[in-house]
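Bear in mind these aren't lab numbers, they're just calculated from the coordinates by the rules spelled out. A quick note: this is a predicted structure, and the numbers were derived from the prediction, not measured. All Cβ positions, glycine included, derive from the backbone under ideal geometry; neighbour counts span all protein chains shown.
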Amino acid sequence: MEKVNWGIIGPGRIAESFAKGIAFVDNAVLHSVASSRKERADVFAGKYSVKNSYGSYSEMLDDPGLDAVYIATPHSFHYDNVKLCLNAGKSVLCEKPLTINEKMGRELVDLARSKNLFFMEALWSRFLPVYTDVRDWLDSSKIGDIRLICANFGINVPYDLNDRWYNPDLAGGALLDLGVYPIAVTQWILNENPVTVKAEAVMTETKVDQLTAGVLKYPSGVIMQMNCGFAAQALNDLKIYGSKGSITIHHCFWATDSATLETEDNKLTVTRPFKASGFEYEIDAATKAIINGEVECSGITLDNTLGTLRVMDDIRNQIGLKYPFE
Ligand SMILES: NC(=O)c1ccc[n+]([C@@H]2O[C@H](COP(=O)([O-])OP(=O)(O)OC[C@H]3O[C@@H](n4cnc5c(N)ncnc54)[C@H](OP(=O)(O)O)[C@@H]3O)[C@@H](O)[C@H]2O)c1
């Protein structure tokens, strides 16, 4: 395969970032878009010059010219949407969180593996250019041994039950929406999953978490303090404290182009502007992996994703967050 023909399922808000990003990726074509409402697919197709637009997901998946699908629906639909795509023989890049719990995630991972199909969670932060600088600083021990990581993701979200944020039927709540980032980025920094997790939350009257705070301890002895919430604007940075200095991944750390390294005698800030929306880097990684015949992306393996889902299951057990359809 020399190029990958991509399709989108769920042309809503975030699908726009995918469409803007893919235009900057070699060997990737935005081939199709499918919505449950044909008019929505048509409007999106018109805006981004997509050749094929469908009013049903299955119809798009019947096209033998389509290689891979980006799924951009709310969390509660990921499981069914991924299954539909894999059973149609398509590679899949699915928005975060991959599923609402580890059990469902594992079922999909097993299905993808049994079909030898590429499958990846769209955790775009891990592919951002400035993260390469952070990786270099960590690998060359610029800050010594890592001791503590502090990360926050807090935004003011209007209370609207028609949207996914506060809606339990759409697997709403701050943890699955925002908390996935500090957990997945810390996993990327340390290359390990926590051994203990402690969490507290404030719940909404709809019984999803409005604010969740966690303390996670990793096998290397590092502690990560995180909070995520819909109730207040936070600094939204991620700070790594080491024995010889610190690294700040600036706000918004999951979507940033800048980071600072601070040691006793040096302070260095690097900025790596995006080519487009920032999604181009994860799309590039996924496209290259598919062309190379790989079934996973080394930037975020399926075991990485299952590890994150396991941590979120643990937090949800502690804060009493259970969805009606689980
Ligand atoms: N990577 C990031 O930075 C980022 C940022 C925001 C969101 N996300 C993730 O992207 C995903 C989608 O978020 P979004 O805000 O883009 O979603 P959205 O705009 O609310 O919806 C996207 C699509 O999902 C389907 N959908 C939405 N609500 C539905 C409902 N009640 N019933 C049935 N289908 C529904 C619709 O698809 P049809 O057109 O087919 O009907 C819609 O076009 C989530 O997993 C979210 O966590 C990622």
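General remarks:
- Residues that are within 19 Å of the chain's Cα centre (by Cα) and surrounded by fewer than 21 Cβ atoms within 10 Å (Cβ to Cβ), drawn from region 87-106: Asn101, Glu102, Lys103, Met104, Arg106
- Scan of region 114-131 for residues that are surrounded by 13 or more Cβ atoms within 10 Å (Cβ to Cβ), within 22 Å of Glu282 (Cα to Cα) and of a type outside the set (Phe, Trp, Tyr), ordered by number: Leu117, Met120, Glu121, Ala122, Leu123, Ser125, Arg126, Leu128, Pro129, Val130
- For Pro158, the criteria (1) free of Cβ contacts under 8 Å to residues at least 40 places away in the same chain; (2) in a helix (DSSP H, G or I); (3) more than 10 Å from the ligand (Cβ to nearest atom) hold in every case but one, which is (2).
- Filter pass, Asp80 being free of Cβ contacts under 8 Å to residues at least 40 places away in the same chain, more than 10 Å from the ligand (Cβ to nearest atom) and not hydroxyl-bearing (Ser, Thr, Tyr): yes
- Residues of region 130-187 that turn out to be touching a Cys at 6+ places or on another chain (Cβ under 9 Å) and of a type outside the set (Val, Ile, Thr), as a count: 11
- Applying the condition of being in contact with a strand residue (DSSP E or B) (Cβ under 6 Å, 6 or more places away or on another chain) and touching a residue at least 24 places away in the same chain (Cβ under 8 Å) to region 53-64 and asking which residue is nearest to the ligand (Cβ to nearest atom) yields Tyr57.
Yes/no per residue for (1) in a strand (DSSP E or B); (2) out of contact with any helix residue (DSSP H, G or I) (no Cβ under 9 Å at 6 or more places or on another chain):
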{"site": "Lys207", "(1), (2)": "no, no"}
{"site": "Thr212", "(1), (2)": "yes, no"}
{"site": "Cys228", "(1), (2)": "yes, no"}
{"site": "Ala234", "(1), (2)": "no, yes"}
{"site": "Ile240", "(1), (2)": "yes, no"}
{"site": "Thr269", "(1), (2)": "yes, yes"}
{"site": "Asp284", "(1), (2)": "no, no"}
{"site": "Gly307", "(1), (2)": "no, no"}
{"site": "Asp314", "(1), (2)": "no, yes"}
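- Residue, nearest to the ligand (Cβ to nearest atom), within region 121-155, restricted to residues that are closer than 20 Å to Ser277 by Cβ and assigned to a strand (DSSP E or B): Ala122
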